[in-house]
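Here the structure comes first, spelled out in structure tokens, and everything after it is commentary.
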Amino acid sequence: MPDSLTVGPTADPRRVRAQDGRLLSVPEGWALLPPGDAGLTRRVKAAGPTWTVVEKVGRKLFSRGVWAPEAHIVHARAVLDAERATPEYAKKLAQGRDRRAREQEVYEVDFANAVLRFLAFSPAWLPHAKRMAVLVAGHATPVGSGTVARTERIPIERRAEAAVIAWMRHQTTSYDDMRIQRVKGARREVRRELADISRAVLDLHRRDAPHLSPIHISEPTRPEP
């Protein structure tokens, strides 16, 4: 029986490329389990050898499914479907949703406070900082947003700083309308320059002295009833 492997896709739907470059034919009796059901995928992998298909697009890796004996997939799906049909499973799902909602509420508050600490505006600008912290947190913290606020690889203080700079880039500069050359590193350089400007503006708000460059904060628009 083939070993469990991580492989890449090819133009032939039943041939894959091993990490050492070899072309492999999918064994007879195997089927491709599409991505999207983590619970089913875990059970299929636990049942025996599998070939996990992963494709690299740019810097990101995308799952293209798991090849496994079709009998394992059918059996695991039947068992899981039976479990998911029980009242106990429905109750477990509801409890999980409630727990995640509470965790999200706590994280939004914690993140807004981290933003507020990073801003460190002077007392004269404190109301401004509080509104900005709420707006930045509201933009950066939603689950699935893909922003830096959702990563756990860096401390929350660094997440807050990065989220503020990103929010200012889109809200207080012309970045979204800029025509940037399609040259490697050009966009990164523009973002670095805009970040320097944003940090300078933030520094102005950390002083008690009046200035002529307040950060413009507009409240999010609400749809008309």
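Things to note:
- Under 11 Å, Cβ to Cβ, from Tyr107 - net charge with Lys/Arg +1 and Asp/Glu -1: -1
- Cα-based helix-to-principal-axis angle, 70-84 vs the chain, degrees rounded to 10: 60 degrees
- Helix axis angle, 38-47 relative to the chain longest principal axis, alpha carbon, degrees: 40 degrees
- Proportion of all alpha-carbon pairs of segment 63-166 beyond 17 Å (%): 65 percent
- Aspartates and glutamates with Cα under 18 Å of Lys60, excluding same-chain neighbours fewer than 8 positions away: Glu152
- Residues whose amide H falls under 5 Å from that of Ala31, counting only those 5 or more places apart or on a different chain, are Ala68, Glu70, with hydrogens built in the peptide plane.
- Under the convention that each Lys and Arg Cβ holds +1 and each Asp and Glu Cβ holds -1, the size of the dipole of segment 1-111 around its Cα centre is about 160 debye.
- Plainly put, segment 1-66 has a radius of gyration that is 0.94 times its Kirkwood radius, both from alpha-carbon atoms, as the Rg/Rh ratio.
- What a 1.4 Å probe finds exposed on segment 32-154 is 58% carbon and sulfur by accessible area, rounded to a whole percent.
- Considering only Val190, Pro87, Tyr107, and ranking their Cα positions along the charge dipole of the chain that arises from unit charges at the beta-carbon of Lys, Arg, Asp and Glu, the one farthest toward the positive end is Val190.
- Whole-Hz Karplus values for segment 57-62 come out as 10, x, 9, 9, 9, 10 Hz, taken residue by residue from phi with 6.51 cos²θ - 1.76 cosθ + 1.60 and θ = phi - 60°; glycine and proline positions read x.
- The modelled label-to-label distance for the pair Glu55/Glu28, using points 7 Å beyond Cα in the direction of Cβ, is 2.9 nm.
- Under the Karplus curve 6.51 cos²θ - 1.76 cosθ + 1.60, θ = phi - 60°, whole-Hz ³J(HN,Hα) for segment 122-132, x wherever Gly or Pro sits: 5, x, 5, 9, 4, x, 4, 5, 5, 5, 5
- Using the alpha-carbon positions of segment 137-196, Rg (one decimal) and Dmax (whole number) come out as 12.7, 33 Å.
- Straight-line reach from Lys56: taking Cα to Cα under 28 Å and skipping same-chain neighbours fewer than 8 places apart, the lysines in range are Lys45, Lys184.
- If you take the alpha carbon atoms of the chain and fit the smallest convex hull around them, that volume is 214 Å³ per residue.
- Between 0 and 90°, nearest 10: helix 87-119 axis offset from the chain longest Cα axis: 30 degrees
- Charged neighbours of Leu40, selected by a Cβ distance under 13 Å, balance to +2 (K, R count +1; D, E count -1).
- Förster-model FRET efficiency, 25 Å R0, Arg117 and Asp176, C-beta, rounded to 0.05: 0.35
- Within the chain, helix-based [θ] at 222 nm, where runs of 4 or more DSSP H residues each add -39,500 (n - 2.57), nearest 500: -16500 deg cm²/dmol
The values are calculated or read from the model by the stated rules, or taken from the named source; none is laboratory data. None of the values given here were measured: they were computed from a predicted structure. Every residue, glycine as well, gets a Cβ built from its backbone with ideal geometry; the counts of neighbours run over all protein chains shown. The protein model used for the area step is the full one, side chains on, heavy atoms only, and it has no ligands, DNA or RNA in it. Shrake-Rupley method; radii C 1.70, N 1.55, O 1.52, S 1.80 Å.
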